[in-house]
Amino acid sequence: MDNKQYNALFSFIWNIANDVLVHAFEKGDYKKIILPFMVLRRIDVLLESTKAAVLEKKEFCDSHHLADYTPFLTQVTGYPFYNTSAFTMKTLKNEIDPQRLKMNIIEYFNGFSQDVQDIIDKFKLRQQVDNLIEANRLGSLLEKFTDENINLSVKPVMQEVINEDGTKEMVERLPGLDNHTMGTIFEELLRKFNEENNVTEAGEHFTPRDYVRLLGQLAIEPIKDKITDNTYTIYDGACGTGGILTIVQEEIERIANEEGKRVRTSIFGQELQPDTYATCKADLMISGNINKF
């Protein structure tokens, strides 16, 4: 993702608040809605393509009285999470009756696997749904986050084009959003929301990704000749959205590879703030870096 694409995505998400939430919510509450729904859509879009297969496999498990169907469903999705409801965010937006929409989205929340349920709880998303329904803004918010002009998936959006010679090929229409960029967008949105509301600690949680990568290099380069074929543990006691954990992990593996060493890495982090914890957890689940929390 280049700078132009990054800025376009950031601006689109930032402007959702002005387009949907203005006059219905206090500015200080914007981040409590925009950031959680951004993370939720990131999870949701990854499950869209396997929705029918998951429902079919769930029906199979139920018919065979299999109590623990998690291994079967995660095998279908390719991720350590799934959703067994009939809904996606795209199908939810089609409901125009507010109370029916509320029932549908709660069913959608309840259909997620346990780790995603934890993310939903940390973001207090059920409470935000009540507020959005009362303000008659939930449908509009879902419309924005499922807009075809943004992509919150790790996978790029492709489209077919016809060349001058009549041949067809698939080209990238929208780039995928890797975990580091997702974390950067989350942190910059949080900082900007805080600055808009004169929060004094607006930037204290944020460490630019370039600084983090430099930190990793400075910590590892001086001892690279001591790296052996072994397992290395990376710990961050205030991990935020997980940037230091994953970037330092990348640096250790890169340097070890250059030195001809075969290493394994394990990451451990703690985070006090529920929203940043939830974002970190979501991205680690998506990346496959960790399955237990």
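Below are the figures for this structure:
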item	result
Condition met for R42 (at pLDDT below 95 and of a type in the set (K, R))	yes
Boolean, E160 is without any contact (Cβ under 8 Å) to a residue 12 or more places away in the chain and closer than 19 Å to K4 by Cβ	no
E59 vs. criteria assigned to a helix (DSSP H, G or I) and among the acidic types (D, E)	yes
Cβ-Cβ under 8 Å pairs, at least 6 apart or on other chains, the stretch 73-92 side in contact (Cβ under 8 Å) with a residue 40 or more places away in the chain, far side surrounded by fewer than 17 Cβ atoms within 10 Å (Cβ to Cβ) and part of a loop (DSSP other than H, G, I, E, B)	Y79/G288; P80/G288; P80/N291
Filter result for T241 (closer than 18 Å to R209 by Cα, crowded, with 19+ Cβ neighbours inside 10 Å, touching an Asp or Glu at 6+ places or on another chain (Cβ under 8 Å) and β-branched (V, I, T))	yes
Test result for E48, assigned to a helix (DSSP H, G or I), farther than 30 Å from K192 by Cβ and either within 19 Å of the chain's Cα centre (by Cα) or at pLDDT 95 or above (or both)	no
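The values are calculated or read from the model by the stated rules, or taken from the named source; none is laboratory data. Owing to the predicted nature of the structure, the values given are computational and were not obtained by experimental measurement. Cβ atoms come from the backbone with ideal geometry, glycine included; neighbour counts cover every protein chain shown.
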